[in-house]
Structures are given as C-alpha cells and as structure tokens.
Amino acid sequence: MRILFLGINYWPEETGIAVFNTGRCEYLAACGHQVTICTGFPYYPQWQVATPYRGRLFTREVRNGVTLLRSYLYVPCRVTAVKRVLHEASFIVSSCLRASTAQRPELLVTVSPPLGLALSTILLSRLWQVPYVFHVPDLQPDAALDLGMLPAGKVGKVLYALERMAYRHAGLISTLTETMQNRIVSKGVPAEKVTLFPDWVDPACFSVPVTDEGQAFRRAHGLDGQFLMVHCGNMGVKQGLEVILGAAERSRDRPDLTYLLVGDGAARPTLEERTKALRLANVRFLPLQPKEVFCDLLAAADVCLVTQRKTVMDIVFPSKVITLLAAGRPVLASVNTDSEVARVVRGAKAGDVVAAEDPQALLAAILKLRALPETARLMRINGRIYARGHWEREQTLAAMEDRLLQMIGENPSVRREDVVASPDEMRA
C-alpha cells in the first residue's frame, strides 16, 4: 500500500501530535507499506524552527523506512490568533506544492489541525483520484471559538464550512475517543463514516517503577524530601496552567510542596513572568526532558497534574493522560468535570477530578492525597492496569492498519499473512 500523510508535526518533535504521526508512519513502513509524509520543519513546542532546518524551503529525508518531505512554514516568536492563521496557511500552501511532486499514492491520510489542510487534501484527492482519511485529534474550530482564540461570526462560519467540506469528501474520519467521535457524528456525519484511531502508550512507560520515588532525578534537581506535583508537556492556552500558579500561591507557606512545570509552549513566558511577579519559590520550570530522563522524572512525581480550561470538554484528549496512567502516576485533573479526561481518570480510579480553573479545589485535592499515601498507591496500580487494557501500542496500530487496508479494498487478514510469511520465505 502506498500512503501519503499530510501533517504539520513530526519527529524530532517530542510532544503532542508529532509523536503519534511518527509512530503511525513508522509502524506502517515496518509492515512493508510505502509511506511518505509531507510535514513541516520541526518547531514545536518551542515555536522556533530547529537550527539544522533554518533558512530552507524544502528538504527530503528518509528515516526508519519513511520518506519525509519537509516544506517551509512561518513560525512566529509570539503566537497570536492572526499569526497562528499565517503560520498554518504557510504550511498548507507549501505542503500542497511539496505533495504534488510526490508519487501518486493509493491513499491519503491528513492529520488536522491545521483544519485548512482539508483544502489541499481535497485537491490532491481529486488530482490523483484516491480516497482520503481525515484524522482529527483536535476539533480545531470548536477549540478556537470555545477558548476565545478566534472571534465568532464570519470567522466561525468559515471554519465550520471548511470542517463540513473536509468531512463530506473524506472516505473515512478518525478521532481519538468515543466522546470526540460522538461530537463529530452530532455535526451530521454518518456514524459509519467515523472511526477511532486512538493514541497509544510508549511501552517504556510501563517500566517506570510504581513505588520508586525517582531519587536520582530528585538529587539532580535538589528536590529531596519534597512532595512533587508535576505538569509535563505543552504549555498553551487550552491547558489553563494559571490554576497551578493559583494553588502554589495559596500554599507558599508549605515548604514540603513543590510544583514542577516541565515543557514549553506559547504560554510559558507569561507563566514564568507571573511566577516571578508573585515570588513563588515553590514553582520551578524545566525544559522538555530527553526520553531517558523523562521516565526518571515520572518516577520522581508524587502527583501529576492535568489541567484544562473549563470550556474544553470533548474537543481534545491530551495524550499525556495515557502516559501518566501507564507510568503509574496518580493524576489530579483540574478540568471540566464532564470532559473525557474526567471520565477516564474516574473510570480508571487513578486519581481525582476537580473543577477547572479552581486553584483552591486543586490545592485541597493535593493536600488530601499528600495525607493518604495508601490511596495514592492504589491509584498508581489502577492507572497502569487501565492503560494496559486500553492503549497497548501493537494492538492499536494493527487495528489502524486493518482499517486503512479496507479503504483501498485489500483484505487485512490476507495482507497480514503475507507480511508475516515473507521473512520465513526469505530464510528458506
């Protein structure tokens, strides 16, 4: 099967959608498929193009069997609504031009956001007369309007018109969770046209000791004896990380509590300025950690924090949730109590849920868990069990491959037998 992916984020970016774009492409390539992705130069979450790619318009690379066709994109230093539109538009145009030079695929797979990639996808689909899958890990128009990142009115109408066009012409629409699937169906899309391509857990997360306190990481960062609350990943508008600073301000007289914010993103400079203005000595920032250090960081965390603005409900599901549960970390979620994150944390019995944007409630949940180590231990165990049952990598990706093969009329079971049998035949 020849597959062309369109997606703005890819390796070497280490957070968010890039991880799963990379994983899907490399899995399919390892199964013997011919996989190409048209993607941008790495920039996220620092919002700065990586040094080796600066000043270039196009590059071509091959990594783990996947051909990477990279193209220019505008990356603003400070992200505003207008600059984000320009950022996405630059990639939509450049990636369409780049894709048009590639070999005709049998199937297109587009990852949204940016939603505008639907335009180039429809154009390429008609040019090549091939179907496309529209993968939606983030309901971008709903998120942009709900969070006030873009004004309603004409802008909203344009976004939703573009969304309807993308869904109407797609051969298949995929998303991450059942609530997101239901949200898409509620927009008038036939239920049989929407499927799940969930994210998965990095197998290394299951090796994080459930009871270890990550002493090496603690010693390296002067955190011995601290009850450590960790937020890791993107620092953007959707996360509403101000609630953590609010909890830190209310607990500044507790020398045993430290809040550690690890990662990067558009909101980080503002958060750091706010922390300095409030003189919060109990809040520390670290950059994204290398993979080998990240597991030590998780082992050191007493509690992991997942925060979202109250308007975020079923428009996005952060991949960090499955990582934290697999690593056996108790999760305190400051989110809309009707959100998918809340449903998962409660269903897994792996943490506690408090109202979004309520720092007092978050602090109360932290202090409660601080006082109940046996409860925290059970949450660790429950989270790992739940993650193993829902987000195992091979099972998730194999189901995706089967569905893609069906899109081009191939029998998945026959195809898999061929792929498995080939090494034996070669050895014979």
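What follows is calculated from the coordinates using simple rules that are stated; it is not laboratory data. No experiment lies behind these values; they were computed from the predicted model shown. Note that we place each Cβ from the backbone using ideal geometry, even for glycine, and neighbour counts take in every protein chain shown.
Key figures for this structure:
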quantity	calculated
Euclidean distance of C-alpha centroids, region 103-125 and region 330-358, integer Å	34
Charge context of residue 291, other residues only, Cβ under 11 angstrom, K/R +1, D/E -1	-4
Pairs of Lys in the chain closer than 26 Å at Cα, counting only those 8 or more apart or on different chains	26
Within a Gaussian network of the chain (alpha carbon springs, distance under 10 Å), most fluctuating of 203, 105, 52	52
Centre separation in Å (Cα based) which lies between region 232-264 and region 31-81	31
Label point at residue 204 placed 7 Å out along Cα→Cβ; residues across region 277-306 whose backbone nitrogen lies under 16 Å	288-300
Highest-fluctuation residue, 142, 253, 402 considered, GNM on the chain with Cα pairs under 10 Å	253
Rounded tilt (10° steps) of 412-427 against the dominant C-alpha axis of the chain	90
Distance in nm between pseudo-label sites at residue 349 and residue 224 (7 Å out along the Cβ direction from Cα)	3.7
Residue of 81, 170, 267 that the Gaussian network model of the chain assigns the largest fluctuation, springs spanning Cα pairs under 10 Å	81
When the convex hull of its Cα atoms is projected in every direction, mean area for the chain (nm²)	21.4
Phi to ³J(HN,Hα) by Karplus 6.51 cos²θ - 1.76 cosθ + 1.60 over region 10-24, Hz, x for Gly, Pro	7, 3, x, 4, 10, 9, x, 4, 4, 4, 7, 4, 4, x, 5
In Hz, Karplus ³J(HN,Hα) per residue of region 232-238 (6.51, -1.76, 1.60; θ = phi - 60°; x = Gly, Pro)	10, x, 5, 10, x, 5, 4
Taking all pairs of distinct alpha-carbon atoms in region 209-366, Kirkwood radius in angstrom	15.5
Residue 61-residue 186 pseudo-label distance in nm [points 7 Å out on the Cα-to-Cβ vector]	4.0
Overall Cα dimensions of region 73-218 - principal axes, largest extent first, Å	56, 37, 36
Two-site label geometry, residue 90 and residue 54: point separation in nm, points 7 Å out along Cα→Cβ	1.4
